[in-house]
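Colleague: Below you'll find the structure I mean.
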Amino acid sequence: MEKFGKSQPVPRREDVRFLKGEGRYTDDVAPDGALYGVFLRAPVAHGRITGMDVEEARAAPGVHLVLTADELRAEGVTDGLFTVMVKNRDGSSGIAPRRPILAEDKVRFVGEPMALVVAETLDQAKDAAELIMPDIEDLPVHLEIGPGGEALHDEAPDNRSVTFGIGEEDKVTEALETAEHTVTMTVSDNKVIANSLEGRVCIADWDGERLHVDLSSQGVWTHKSQFAKLLNLDPEAVHVTTQDVGGGFGMKTMIYPEYFAVAQAARMLGRPVRWAAERGEGMLSDNMGRDLVSTATLGFDAEYRITGYRIDTRFNLGAYASQFGPLMQTQLFSRVMTGVYDIKAAYLESEAFFTNTCQVDAYRGAGRPEAIYLLERMMDRAARELGLTPWELRRRNFIAPDRFPYDTVGGETYDVGEFARVLTHAERASDAKGFAARNAETEARGKLRGQGLCYYIEAILGAPDEGVEVVFEDGGATIYVGTQSNGQGHETVYAQFLSDQTGIPVEAIRVVQGDSDKIAQGGGTGGSRSVTVQANVTLKAVDDIVTAFSGFLADEFGVGRGDVSFDDERFRIEGSNETPTMLEVAEMAREKGQDALLSFKAHEKLAARSFPNGCHVVEVEVDPETGEVSLDRYAIVDDFGNLINPLLVEGQVHGGIAQGAGQALLERVVYDETGQLLTASLMDYAMPRADNLPFFRFETEPVPSTSNPMGMKGCGEAGTVGALAAISNAVQDALWQRGVRQADMPFTPHRVWEMLRAAESPLAAE
């Protein structure tokens, strides 16, 4: 590939090996002779373990080890998984009960790991696991997102983990009491499963001195530190790697108990141990997302401008306080509870509760849809009740461009924004003026058409700093990065960006990620941080390289350092016809024995976050006879600032919309009254398919960020953040004409049919 212009839609170079079946995923790299691990999982949602006979399993053919909590304790492995917890409203600490690696006195959700069986073959391990007979005394199950019921943990007698508040409660109370108009709405945000194409998987090996764990993750450094802590190892004795990753969605950011059990088994046996979650196993035990119920109130003045916004929300933590759950909930609401709107005062009060379900986190492809979904559903409801169009109500409340930088009541500072400009672009792109004609045609066919929009804003989350190393090798360069691709195309983007800045041919650049030995530290991937923070530190490294190489050339050619310049492709030396490329200078340094000029490390922190935003406009058709909802048109206009590769950005948006559409139309985790997961296979849990989606119209309206030198804003989560509310508002618009005043996800045919029938009943008419 020759040198290309900046911000070009370059196809992903990693796709070649993926399409040829040459990807290197964790399960592909298991060493010869690796043993197989299978977990015995809790068959009930809540119970006291009174005994567990494992002797028959230990004697089964091919079995090398049956690991239980007792064996872990005997080996000195007694710590539980860590939790990031927030403070209660009164300043006291929230409750974060200990989560063991393997269940000890109790089981608290169906699928909780109780024992690990390690055998020569997978079938032998499965057969032996079925021989284990746990004795479990059933305890009452608590599934409600609220107080009461049997306590899951002694330290949380009311099953409440934390109650926190953010914002200006007194100001909000006053604003709502004096508002000219108020609108209140309760919204449910359905629980969903991540369902990454590649499930969780890990392989552990112990050579007597060092532990090596290869796992499918979104960053190796948290895992490295936790392996050292929980297994009582020196950090230098732990090596964690990640190969290609088949989807992460935030779910693979987390640590999980299975990894530590597998690693300890490898230590005890002195042989590699591999474990890969099967689909149903992952649906039982992977961290899930959403599962909130929120009531919100918006107050407006006489000009229909928002004066106050109050949110009261309850969210499900599952059986244990999740690694980032409460923290992410506070962050997501504090960062976007003002949205893109000029809200005078806002307040969030939230409670988190334990239930006998799988652990729930604020992730699932995007960390902020919950707050945007609620706010944009509220804006749509307010527009209807106040008699404005959804377009006009948003325009009246946007933060004006001349008010930036803008300090939000949630504590963030938005650097730039031209929201009305983006909205106007979205009106054109969606052909909003043609909706009436399309609606008439739909009505003529006996169906209902609805239009919905969502104007979202999100903050780039995760660590604001990142590291990089650029090493010059024979004929090329290697860039070591601290983020981790989960399928986004990092290999292409990072090589493209470094090539743009240095002139090194992109095919001569190798990208290395996911290795704690080769990369000392990194922030991993999550919260749409990767490209922004990695490009920022890469610029610093390139600047260091140019400075060092310029000094080297000045000495070599006997000129002043100010006489050497670099134009992103070649060095220019005053008084000389020589115009060496960066690779040629590196080779000159190598020949001179200047090895210090062949490797450059940098670490840089962003001065502030950036805030991608945009507008999704959706039109749906609803068949009132069957309840079937079809996405008919979908237009997106995003402000991502400056782009490195527009093709990959569009792909990210398309994938995010597909995920959002899945939750809006199809997906919902369902437990029965005993805590058994009813949607534990793809026969029972519907994922979006190609025929669920229309063609997308995707355009950008860039307003470059001032928070980083590239003017970038993240894009990884934007599709999902906007899709949930836009699709929901479109369905609500279609059903409104039939009297449906509350429509909540997922909009499956049966649920929509029931909404329509309920609206037709005499009681509904009253």
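Colleague: Name the single residue, out of those in segment 28-83 being of a type in the set (Asp, Glu) and within 32 Å of the chain's Cα centre (by Cα), that is modelled with the lowest pLDDT.
Modeller: Taking segment 28-83 first, the residues of a type in the set (Asp, Glu) are 28, 32, 53, 55-56, 70-71, 75, 79.
So of that shortlist, the ones also within 32 Å of the chain's Cα centre (by Cα) come out as 28, 79.
Numbers: ASP28: 93, ASP79: 96.
That would be ASP28.
Colleague: In addition: Which of the residues spanning segment 237-260 are within 21 Å of GLU717 (Cα to Cα), in a helix (DSSP H, G or I) and hydrophobic (A, V, I, L, M, F, W, C)?
Modeller: Result: MET251, single match.
Colleague: Counting only residues that are among the charged types (D, E, K, R) and either under 20 Å from PHE39 (Cα atoms) or under 28 Å from the mean Cα position of the chain (by Cα) (or both), how many does segment 193-237 have?
Modeller: 6
Colleague: Could I ask something else about it? Looking only at residues that are buried (at least 24 other Cβ atoms within 10 Å of the Cβ) and assigned to a loop (DSSP other than H, G, I, E, B) in segment 604-619, which one is modelled with the lowest pLDDT?
Modeller: Within segment 604-619, the subset buried (at least 24 other Cβ atoms within 10 Å of the Cβ) is 609-619.
Next, only the ones that are assigned to a loop (DSSP other than H, G, I, E, B) stay: 609-612.
Details: ARG609: 82, SER610: 87, PHE611: 90, PRO612: 91.
Restricting to residues being buried (at least 24 other Cβ atoms within 10 Å of the Cβ) and assigned to a loop (DSSP other than H, G, I, E, B), the top hit is ARG609.
Colleague: Kindly list, by first and then second residue, each pair from a residue in segment 547-558 that is in contact (Cβ under 8 Å) with a residue 40 or more places away in the chain to a residue that is open to solvent by less than 10 Å² (accessible area, probe 1.4 Å) and hydrophobic (A, V, I, L, M, F, W, C), limited to pairs with Cβ atoms under 9 Å and residues at least 6 apart or on different chains.
Modeller: Every condition considered, the pairs that remain are ALA548/ALA589; PHE549/PHE571; PHE549/MET582; PHE549/VAL585; PHE549/ALA586; PHE549/ALA589; PHE552/VAL585; PHE552/ALA589.
Colleague: Just give me the residues in segment 703-752 being more than 23 Å from GLU619 (Cβ to Cβ) and either surrounded by fewer than 17 Cβ atoms within 10 Å (Cβ to Cβ) or free of Cβ contacts under 8 Å to residues at least 24 places away in the same chain (or both), in sequence order. Break it down stepwise before answering.
Modeller: Let us first name the residues in segment 703-752 that are more than 23 Å from GLU619 (Cβ to Cβ), namely 703-717.
Selection gives THR706, PRO709.
Colleague: Moving to a separate point now. What is the residue count in segment 148-203 for residues that are β-branched (Val, Ile, Thr) and open to solvent by 40 Å² or more (accessible area, probe 1.4 Å)?
Modeller: Total satisfying the criteria: 5.
Colleague: Could you grab me the full set of residues in segment 647-701 that are of a type in the set (Gly, Ala, Ser), within 28 Å of SER285 (Cβ to Cβ) and surrounded by fewer than 20 Cβ atoms within 10 Å (Cβ to Cβ)?
Modeller: Step one: of segment 647-701, the residues of a type in the set (Gly, Ala, Ser) are 651, 655-656, 658, 660-662, 664, 675, 680-681, 686, 690.
Within this subset, residues satisfying the condition of being within 28 Å of SER285 (Cβ to Cβ) are 655-656, 658, 660-662, 664, 675, 680-681, 686.
GLY655, SER681, ALA686 - these are the residues of segment 647-701 that are of a type in the set (Gly, Ala, Ser), within 28 Å of SER285 (Cβ to Cβ) and surrounded by fewer than 20 Cβ atoms within 10 Å (Cβ to Cβ).
Colleague: Oh, and also: If the requirement is being of a type outside the set (Ser, Thr, Tyr) and touching a strand residue (DSSP E or B) at 6+ places or on another chain (Cβ under 6 Å), which of these qualifies: LEU598, LEU678, LEU606?
Modeller: Details: LEU678 fails: touching a strand residue (DSSP E or B) at 6+ places or on another chain (Cβ under 6 Å); LEU606 fails: touching a strand residue (DSSP E or B) at 6+ places or on another chain (Cβ under 6 Å).
Selected residue: LEU598, the only one of LEU598, LEU678, LEU606 that is of a type outside the set (Ser, Thr, Tyr) and touching a strand residue (DSSP E or B) at 6+ places or on another chain (Cβ under 6 Å).
Colleague: Quick check on my filter: what residues within segment 36-72 are in contact with a Leu (Cβ under 7 Å, 6 or more places away or on another chain), over 30 Å from PHE354 (Cβ atoms), open to solvent by less than 70 Å² (accessible area, probe 1.4 Å) and outside any loop (DSSP other than H, G, I, E, B)?
Modeller: Once the filter is applied, which keeps residues that are in contact with a Leu (Cβ under 7 Å, 6 or more places away or on another chain), over 30 Å from PHE354 (Cβ atoms), open to solvent by less than 70 Å² (accessible area, probe 1.4 Å) and outside any loop (DSSP other than H, G, I, E, B), segment 36-72 yields TYR36, ALA57, LEU65.
Colleague: Taking only segment 381-416 into account, find how many residues are over 29 Å from the mean Cα position of the chain (by Cα), of a type in the set (Gly, Ala, Ser) and either open to solvent by 60 Å² or more (accessible area, probe 1.4 Å) or closer than 15 Å to GLU303 by Cα (or both).
Modeller: Summing the residues that are over 29 Å from the mean Cα position of the chain (by Cα), of a type in the set (Gly, Ala, Ser) and either open to solvent by 60 Å² or more (accessible area, probe 1.4 Å) or closer than 15 Å to GLU303 by Cα (or both) in segment 381-416 gives 3.
Colleague: Evaluate the following for PRO694: is it assigned to a loop (DSSP other than H, G, I, E, B), in contact with a strand residue (DSSP E or B) (Cβ under 7 Å, 6 or more places away or on another chain) and within 27 Å of GLU619 (Cβ to Cβ)?
Modeller: For PRO694, the condition - assigned to a loop (DSSP other than H, G, I, E, B), in contact with a strand residue (DSSP E or B) (Cβ under 7 Å, 6 or more places away or on another chain) and within 27 Å of GLU619 (Cβ to Cβ) - is met.
The values are calculated or read from the model by the stated rules, or taken from the named source; none is laboratory data. Please read these numbers as outputs of a predicted model, since none were measured by experiment. Because the Cβ atoms are built from the backbone with ideal geometry, glycine has one as well, and the counts that use them run over all protein chains shown. When the accessible area is computed, the model is the full protein with side chains, heavy atoms only, and any ligands, DNA or RNA have been set aside. Shrake-Rupley method; radii C 1.70, N 1.55, O 1.52, S 1.80 Å.
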